[in-house]
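Okay, structure first, notes after.
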């Protein structure tokens, strides 16, 4: 009877919502094409596995950064377009410290603090890597989180707090101003060049055998998995087991009611920025560690993918943000099987638009906590 | 306190057109006077005025088109740049000479007449507006924002894509050029226009006379620039007229009603979705036209000319002027172009003319270190050398300041009522009626 029910439901969807039906058919066709490719050897299993692994890495960064965006989106009710530049700010703050610790005394101080604006000082030259310089990387990670928290609180105090009672669109436009100012201030101070932050020397990799080939897993990949999964579990614990988490959920649900109940809303907002900002800074640092380059618009370029993840997971749900991040990351990375490599991000955006159109409440809606 | 009207009161009661005239006067005067004081060469001066006028015009046009979306209908479109790109790419593909006629060009076109290309650019931008509006208008404002900006990035990635760098259309080899873009291998706008109007000879005579009278060498580039800018100002007037017409028509009143309360408009029997779609399409068509007029003059297009940054420029212009007011949109476009977009660059030119460009430090560290020895020189030169970045920081700060202090913009508080008659102008009833104030 299960099958018949499903078939019936499918028939109803096909008649009532032909657009939804079309999307499902398209998705099914892609899966069939993928399976066919794997079966006939057109697509190597190891290629697919490499793409998926790459997607998971990207997804973890997106998910980590997405938690912060999702929290502020639901509690303060606005889409923060400056979030991407918080990522960049955290990355530069953290990497500045990593460079400083690794190269202190040997290289020009100014070049180290500015994360090697000209190519005479790069992460490869000074030999940064999680294996070669683990303490410098750890210190950088912590500073990235702390600096982003400070930045988020500062911006909130002077920019967003005076507008607390305004609508979401006013805040959205303001956040575009913040994004502009932050991004180009970073470019002004740290230079707008792309630099290499870590080389292969400090980042050993293994090639794991997988069916018909190998999948490369580097020490930075593993670090990213450990750090992000650890942080996600930490946030889970924080929001599920503490009063703060409950207060946040109450505020996201209904701010007036929360205030009437005696929840100190401003303090909850501050905590939101602290948790969200910290995770965002960590995400920025890990993004750079993983992709091994840094540039002033890294965060901005990631922002739309993060929005995609947050919307897909349902605004306000941290599990949604994580799952959405993984889905978006994997979609972007595996889409190279079908689309040219220049259009992988475009594909992820397209998936986001489809989700917004057909399930604007997110694919995990109704199951969200915090 | 009462009695003496304050400056702000005076501002509130001055007619819009007077404010625009005064602001424009101040802007041009400031440019000309500062140029003369610093001893800018005449040729550079005229060129600067031409550039200023050009950007005032394009930002006024963008701001007006955006005002139709946001100010009138309440549609939060941050994909402006996509429609500009679609317009000018359509035109480029249609009007570029075929490879058979210009084998040196990397990418060929269909070789159609330029007006056809321009019109097609507007039409295709409008059609894309329809396609985007079909699903997007069901969404909340913030979701519409994210969809439109994602659409603009999808379009940019598409134009960048190498696999459609060249393709065959109607049996002619053409393409979008990928990352290297497209070059307009057709006459520049003024050359084409003067030939098309059969005034090429008299125009060249005029250019020669202009050059000898003012003693400028090679005057053609300067005069072309100035004349094209003046033509764009005429297009701004046409845009303004069109939008005023739309705003005052029954159609425009429905749009304003949607902006104020969509449910009420629907309850009154208006098909709000259709009205929103029409408004979106018209605005997108106008944005396509701006793309055509702006980029055709540049001679070449590249996907990276169409970054989301440009969309936000248009938004800042609209917010400065005040959403909902067409006069405000023009004013906002002018102020944005003069102070935020061209101003810092012009100031940099003036300063380097006056004191020379000096030896700017390579990095921020090199600029800051001498400050310890109370030597601000290197820092000043560094600021000068990186003015392009600081300029955008400044734009961001201005946007934040406006949202804090004057979210309605300079003239936005005068956004016209949805009603056809002036509701504030109530006749005073003599026998016992309420007397206003």
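The values are calculated or read from the model by the stated rules, or taken from the named source; none is laboratory data. This one's a predicted model, so the numbers in the text were calculated from it and none came from an experiment. Please note: Cβ atoms are built from the backbone with ideal geometry, for glycine as well, and neighbour counts cover all protein chains shown.
Mind listing whichever residues of the stretch B:8-22 are surrounded by fewer than 16 Cβ atoms within 10 Å (Cβ to Cβ) and touching a residue at least 24 places away in the same chain (Cβ under 8 Å)? Lay out the reasoning, then the answer.
Of the stretch B:8-22, the ones surrounded by fewer than 16 Cβ atoms within 10 Å (Cβ to Cβ) are B:8-15, B:17-18, B:21-22.
Selection gives B:12, B:17.
Residue B:318: within 19 Å of residue B:24 (Cβ to Cβ) and either touching a helix residue (DSSP H, G or I) at 6+ places or on another chain (Cβ under 9 Å) or modelled with pLDDT of 85 or more (or both), yes or no? Please lay out each step first, then the result.
Numbers: within 19 Å of residue B:24 (Cβ to Cβ): yes; either touching a helix residue (DSSP H, G or I) at 6+ places or on another chain (Cβ under 9 Å) or modelled with pLDDT of 85 or more (or both): yes.
Yes; evaluated as a whole, the condition is true for this residue.
Please find, within the stretch B:407-429, the residue that is farthest from the other protein chains (Cβ to nearest Cβ) out of those that are part of a loop (DSSP other than H, G, I, E, B) and either at pLDDT 85 or above or within 24 Å of the chain's Cα centre (by Cα) (or both).
This residue is B:416.
Kindly establish whether residue A:111 is farther than 12 Å from residue A:199 by Cα and touching a helix residue (DSSP H, G or I) at 6+ places or on another chain (Cβ under 6 Å).
Working: farther than 12 Å from residue A:199 by Cα: yes; touching a helix residue (DSSP H, G or I) at 6+ places or on another chain (Cβ under 6 Å): no.
For residue A:111, the condition - farther than 12 Å from residue A:199 by Cα and touching a helix residue (DSSP H, G or I) at 6+ places or on another chain (Cβ under 6 Å) - is not met.
Could you tell me which numbered condition residue A:215 fails, if it satisfies all but one of (1) farther than 21 Å from residue A:298 by Cβ; (2) in a helix (DSSP H, G or I); (3) touching a helix residue (DSSP H, G or I) at 6+ places or on another chain (Cβ under 6 Å); (4) more than 10 Å from chain B (Cβ to nearest Cβ)?
Of (1) farther than 21 Å from residue A:298 by Cβ; (2) in a helix (DSSP H, G or I); (3) touching a helix residue (DSSP H, G or I) at 6+ places or on another chain (Cβ under 6 Å); (4) more than 10 Å from chain B (Cβ to nearest Cβ), only one is false for residue A:215: (2).
For residue B:392, all conditions in the list (1) at pLDDT 85 or above; (2) over 18 Å from the mean Cα position of the chain (by Cα) hold save one; what is the number of the exception?
Going through (1) at pLDDT 85 or above; (2) over 18 Å from the mean Cα position of the chain (by Cα) one by one, residue B:392 breaks only (2).
Looking at (1) surrounded by 13 or more Cβ atoms within 10 Å (Cβ to Cβ); (2) under 30 Å from residue A:41 (Cα atoms), can you tell me which one residue A:209 breaks?
Every listed condition holds for residue A:209 apart from (1).
Looking at A:26, A:109, which is the one that is within 13 Å of chain B (Cβ to nearest Cβ), free of Cβ contacts under 8 Å to residues at least 12 places away in the same chain and surrounded by fewer than 24 Cβ atoms within 10 Å (Cβ to Cβ)?
Numbers: A:26 fails: within 13 Å of chain B (Cβ to nearest Cβ).
Unique residue meeting the criteria: A:109.
Any idea which residue in the stretch B:299-320 is nearest to the chain's Cα centre (by Cα), counting only those that are more than 12 Å from every other protein chain (Cβ to nearest Cβ) and not in a helix (DSSP H, G or I)?
B:306
Regarding residue B:282, is this residue in contact with a helix residue (DSSP H, G or I) (Cβ under 7 Å, 6 or more places away or on another chain), farther than 19 Å from residue B:402 by Cα and modelled with pLDDT of 85 or more?
Values: in contact with a helix residue (DSSP H, G or I) (Cβ under 7 Å, 6 or more places away or on another chain): yes; farther than 19 Å from residue B:402 by Cα: yes; modelled with pLDDT of 85 or more: yes.
Yes.
Could you list, in sequence order, the residues of the stretch A:13-70 that are assigned to a helix (DSSP H, G or I) and touching a strand residue (DSSP E or B) at 6+ places or on another chain (Cβ under 8 Å)? Even if it seems obvious, please write down each step before you answer.
If we filter the stretch A:13-70 for residues that are assigned to a helix (DSSP H, G or I), which is where we start, we get A:13-16, A:18-40, A:45-70.
Result: A:45, A:46, A:47, A:49, A:50, A:53.
For the stretch A:104-114, which positions are within 24 Å of residue A:188 (Cβ to Cβ) and not in a helix (DSSP H, G or I)?
Restricting attention to the stretch A:104-114, the residues satisfying the condition of being within 24 Å of residue A:188 (Cβ to Cβ) are A:107-114.
Once the filter is applied, which keeps residues that are within 24 Å of residue A:188 (Cβ to Cβ) and not in a helix (DSSP H, G or I), the stretch A:104-114 yields A:107, A:108, A:114.
Among the residues in the stretch B:178-185, are any in a helix (DSSP H, G or I), crowded, with 17+ Cβ neighbours inside 10 Å, in contact with a helix residue (DSSP H, G or I) (Cβ under 7 Å, 6 or more places away or on another chain) and within 14 Å of chain A (Cβ to nearest Cβ)? Give the derivation first.
Taking the stretch B:178-185 as the starting set, the residues that turn out to be in a helix (DSSP H, G or I) are B:178-180.
Next, from what is left, pick out any that are crowded, with 17+ Cβ neighbours inside 10 Å: B:178.
Restricting the remaining residues to those that are in contact with a helix residue (DSSP H, G or I) (Cβ under 7 Å, 6 or more places away or on another chain) gives B:178.
Then drop every residue that is not within 14 Å of chain A (Cβ to nearest Cβ), which leaves B:178.
Yes, the stretch B:178-185 has at least one match.
Do the conditions hold for residue A:347, that is, is it in a helix (DSSP H, G or I) and within 13 Å of chain B (Cβ to nearest Cβ)?
Values: in a helix (DSSP H, G or I): yes; within 13 Å of chain B (Cβ to nearest Cβ): yes.
In short, yes.
Pick from the stretch A:148-177 the residues that are out of contact with any helix residue (DSSP H, G or I) (no Cβ under 7 Å at 6 or more places or on another chain) and more than 17 Å from residue A:268 (Cβ to Cβ): which of them is farthest from the other protein chains (Cβ to nearest Cβ)?
A:150
For the stretch A:321-353, how many residues are crowded, with 24+ Cβ neighbours inside 10 Å and farther than 13 Å from residue A:59 by Cβ?
Final tally of qualifying residues: 2.
Do we have any residue at all in the stretch A:275-295 that's in a loop (DSSP other than H, G, I, E, B), at the interface with another protein chain (Cβ under 10 Å from one of its Cβ atoms) and either in contact (Cβ under 8 Å) with a residue 12 or more places away in the chain or surrounded by fewer than 19 Cβ atoms within 10 Å (Cβ to Cβ) (or both)? Show your work before the answer.
Of all residues in the stretch A:275-295, those in a loop (DSSP other than H, G, I, E, B) come to A:292, A:295.
Next cut, at the interface with another protein chain (Cβ under 10 Å from one of its Cβ atoms) only: none.
No, because not a single residue in the stretch A:275-295 is in a loop (DSSP other than H, G, I, E, B), at the interface with another protein chain (Cβ under 10 Å from one of its Cβ atoms) and either in contact (Cβ under 8 Å) with a residue 12 or more places away in the chain or surrounded by fewer than 19 Cβ atoms within 10 Å (Cβ to Cβ) (or both).
Can you find a residue in the stretch A:82-94 that is more than 14 Å from the chain's Cα centre (by Cα) and within 14 Å of chain B (Cβ to nearest Cβ)?
Of the stretch A:82-94, the ones more than 14 Å from the chain's Cα centre (by Cα) are A:89, A:92-94.
Narrowing the set further to residues that are within 14 Å of chain B (Cβ to nearest Cβ) leaves A:89, A:92.
Yes, because at least one residue in the stretch A:82-94 is more than 14 Å from the chain's Cα centre (by Cα) and within 14 Å of chain B (Cβ to nearest Cβ).
Any residue at all in the stretch A:115-124 that's part of a loop (DSSP other than H, G, I, E, B), touching a helix residue (DSSP H, G or I) at 6+ places or on another chain (Cβ under 6 Å), within 14 Å of chain B (Cβ to nearest Cβ) and crowded, with 23+ Cβ neighbours inside 10 Å?
Yes, the conditions are met somewhere in the stretch A:115-124.
Assess whether residue B:128 counts as being in contact (Cβ under 8 Å) with a residue 24 or more places away in the chain and under 30 Å from residue B:262 (Cβ atoms).
Working: in contact (Cβ under 8 Å) with a residue 24 or more places away in the chain: yes; under 30 Å from residue B:262 (Cβ atoms): yes.
Spelling it out, residue B:128 is indeed in contact (Cβ under 8 Å) with a residue 24 or more places away in the chain and under 30 Å from residue B:262 (Cβ atoms).
With respect to the numbered conditions (1) in a helix (DSSP H, G or I); (2) more than 27 Å from residue A:217 (Cβ to Cβ), which one is the sole condition not fulfilled by residue A:325?
Only one criterion is unmet by residue A:325, namely (2).
Among the helices (runs of 4 or more DSSP H) lying completely within the stretch B:192-263, list those that include at least 3 residues that are touching a residue at least 40 places away in the same chain (Cβ under 8 Å) and farther than 29 Å from residue B:295 by Cβ.
Values: elements: B:200-214, B:220-248, B:250-260.
It comes to B:250-260.
Quick one: count up the residues across the stretch A:126-141 that are in contact (Cβ under 8 Å) with a residue 12 or more places away in the chain and part of a helix (DSSP H, G or I). Spell out how you get there, then give the answer.
Taking the stretch A:126-141 as the starting set, the residues that turn out to be in contact (Cβ under 8 Å) with a residue 12 or more places away in the chain are A:126-133, A:135-137, A:139-141.
Still in the list and also part of a helix (DSSP H, G or I): A:126, A:135-137, A:139-141.
Number of matching residues: 7.
Identify, by number, the condition in (1) over 29 Å from residue A:96 (Cα atoms); (2) touching a helix residue (DSSP H, G or I) at 6+ places or on another chain (Cβ under 8 Å) that residue A:289 doesn't meet.
(1)
Can you give me the ranges of the helices (runs of 4 or more DSSP H) entirely in the stretch B:58-170 with at least 1 residues that are within 24 Å of residue B:191 (Cα to Cα) and either over 20 Å from the mean Cα position of the chain (by Cα) or within 12 Å of chain A (Cβ to nearest Cβ) (or both)? Give the derivation first.
On the way: elements: B:80-95, B:114-136, B:141-160.
Qualifying helices (runs of 4 or more DSSP H): B:80-95, B:114-136.
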